Amino acid sequence: MHGLETDLRRYLISKTSTGSKKTKTDNRKSMDKLIEAVSLTKIYRSASEAISALGQVSLVLKEGDYLAIVGPSGAGKSTLLHILGGLDSPTKGKVFFKDKDIYRLKDSEISFWRNKHVGFVFQFYHLVEELNVLENATFHCG
């Protein structure tokens with residue numbers, strides 16, 4: 001196992017929309033909780049080794065929070081975002097959206113949830129060469 005999750009924790013920064021750090025005196029109601037990740041772990045296995053991409057990462061985002069995930073290559077940033085967005089499932093742990101465990105949803109339900117609540121901008125472009133910029137940007141919207 002590699003200690004990649006340590007790098008991710010070191011670079012995980014969360015702040016409220018006002019720019020102030022959250023403290024124990026944060027009196028917003030738990031009903032405002034939008035996303036909660038509990039002990040997310042992701043291990044990729046091959047025949048000869050197991051690589052830990054995430055190790056027991058937990059976080060809570062409330063409505064209005066901003067989150068920046070930064071860190072070196074291989075720290076688990078994309079893995080975390082894929083799991084939070086329902087594109088990949090954790091080896092262990094849970095993701096709640098408004099107190100509902102998204103990984104207890106059926107495939108069709110998680111696809112609907114992702115369509116309604118999650119937006120992705122991928123670092124690799126998958127454009128249709130025959131379409132112009134506007135057509136590519138709106139290709140999957142209809």
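The values are calculated or read from the model by the stated rules, or taken from the named source; none is laboratory data. This one's a predicted model, so the numbers in the text were calculated from it and none came from an experiment. We place every Cβ from the backbone using ideal geometry, glycine too, and count neighbours over all the protein chains shown. Accessible surface is based on the protein model in full, side chains and every heavy atom, while ligands, DNA and RNA are left aside. Shrake-Rupley method; radii C 1.70, N 1.55, O 1.52, S 1.80 Å.
A compact table of results
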read-out: Cleavage-rule hits, GluC sites (Glu not before Pro), region 31-129, DSSP coil, Cβ neighbours within 10 Å at most 12; value: Glu49, Glu63, Glu129
read-out: Extension gain (nm, one decimal) between Leu127 and Val70, 0.36 nm per residue minus Cα-Cα; value: 17.9 nm
read-out: Computed E for Ser48/Arg104 - FRET, C-beta separation, R0 25 angstrom, nearest 0.05; value: 0.15
read-out: Debye log10 I(q)/I(0) for region 32-135, one point scatterer per Cα, at q = 0.17, 0.19 Å⁻¹; value: -0.90, -1.05
read-out: Residue-normalised accessible area of region 87-137, given per residue in Å² at a 1.4 Å probe; value: 87
